[in-house]
Structure formats: structure tokens, C-alpha cells
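The values are calculated or read from the model by the stated rules, or taken from the named source; none is laboratory data. Computed from a predicted structure; not experimentally measured. Because the Cβ atoms are built from the backbone with ideal geometry, glycine has one as well, and the counts that use them run over all protein chains shown. When the accessible area is computed, the model is the full protein with side chains, heavy atoms only, and any ligands, DNA or RNA have been set aside. Shrake-Rupley method; radii C 1.70, N 1.55, O 1.52, S 1.80 Å.
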Amino acid sequence: MDHTQKFPVLTTGRYMLRQMEDRDSPDVFAYFSKDEVTKYYDLETFTERGQAVEIIDRWNKRFQKGEGIRWGIADKESGRIIGSCGYHCWEKEHFKAEIGFEVHPDYWRKGVMSEVLKPIIQYGFEMMSLNRIEAFYDPENTASKECLFKAGFIFEGVLRRSAFEKGVFCDAAVCSILKEEYV
């Protein structure tokens, strides 16, 4: 994946996974402005739409530089962005990357991430040549944990007080899936 490459569009039964644009900022703001979405996220809750424009721009620059990729999860019926998922902390020399995701609370517990993680994990192993995909989550975030385990990730442990977020030190649980475990 290099900066000259066209952004890959992936599809599932209900969703189109595509590059986000400025026009998607109202949808991104709609969920990042909710405390329940940012509770376990290393972001402060958004207070203005410009913050959504900034994060979309940051994700797109990361793709252009070949440092990662973040898909917007677009509902096929409405075309609206309901969340995002993708790779960051891509260490090409170690064939690994970190996966992250979030979804609007209106879509929680409706199988969104279970559906979109499949093609995104496949893309990581097949197109990015990853050998390891890892995820870090707050040990109290049982929804993310369940979602990752359902996708085949294996729990590795807890990194004690490994991050400083929103003024406090917090633990990070880590899990991963290896290419050889991917079916």
C-alpha cells in the first residue's frame, strides 16, 4: 500500500467501507460528540464539527503516507457514516499493525463490527502483508473485547497503567490474531 494507491472500497451485506470525506463530518461528529463513544477512546468528546473534519483529514493523510488506513462504515441504505474501522501503528518491518474501531451507539449490539471486521482483517493479511493484527482496549470495555474475540482475536494480557488518557493512567488489555490463525 503506497500513497499513489487508490483507496480500497470493501463491501459487506449491509455496509460499504469507504474513504471518508469532509462531507461525512456531520455523521462522524454525531457519534464522537457522545460521551459513551469516547469513554474508552483516547479522544476527548467532540464539541464542534471542525474536530470531525480534523480527524477525517488525519486518517486520510495517514493513508496517503502509507502509514495506515481507516474506513468509514457507510450504511448501504442511507449512505451515512455510522462508524469507522482500520489500521494504525503499522510497523511494516515487523509485519504488524494495530486495529481500531468505533460505531454510533444507535448501532451497538447489532453485529456491525462482527460484519465489517471480516473483510478488514482479510485486507490486512492479504493486501498489507500483515502477520499480526493487534488490538488494545480498556479492560472494562466488554463490548470491544467480545467483538474482538468473536473475530478470532486471542487475549494476551493487560499492560498495567500503560497509557495516560484524559488525565489518568489506565490499563490496556491486548489481544491479537495471527495470519496462521486466520480462517
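For Glu98, are the conditions met, namely being free of Cβ contacts under 8 Å to residues at least 60 places away in the same chain and open to solvent by 20 Å² or more (accessible area, probe 1.4 Å)? Answer is yes for this residue.
Of everything in segment 55-66 that is open to solvent by less than 30 Å² (accessible area, probe 1.4 Å) and assigned to a helix (DSSP H, G or I), the residue that is nearest to Cys85 (Cα to Cα) is Trp59. Hey, among the residues in segment 136-183 that are of a type in the set (Phe, Trp, Tyr) and not in a strand (DSSP E or B), which one's farthest from Ile99 (Cα to Cα)? The residue in question is Tyr182. If only residues of segment 40-49 that are open to solvent by 50 Å² or more (accessible area, probe 1.4 Å) and in contact (Cβ under 8 Å) with a residue 40 or more places away in the chain are counted, the one that is nearest to Glu140 (Cα to Cα) is Tyr40.
Is it the case, given these coordinates, that Arg70 is open to solvent by 10 Å² or more (accessible area, probe 1.4 Å) and part of a strand (DSSP E or B)? Considered against the rule, which asks whether it is open to solvent by 10 Å² or more (accessible area, probe 1.4 Å) and part of a strand (DSSP E or B), Arg70 comes out as yes. Under the condition of being in a loop (DSSP other than H, G, I, E, B) and without any contact (Cβ under 8 Å) to a residue 12 or more places away in the chain, which residue from segment 6-38 is surrounded by the most Cβ atoms within 10 Å (Cβ to Cβ)? Applying the filter and picking the extreme gives Val9.
Return the only residue of Ala143, Ala52 being under 19 Å from Asp35 (Cα atoms), at pLDDT 95 or above and open to solvent by less than 80 Å² (accessible area, probe 1.4 Å). So that I can check it myself, show each step before the final result.
On the way: Ala143 fails: at pLDDT 95 or above.
Testing whether each residue is under 19 Å from Asp35 (Cα atoms), at pLDDT 95 or above and open to solvent by less than 80 Å² (accessible area, probe 1.4 Å) leaves just Ala52.
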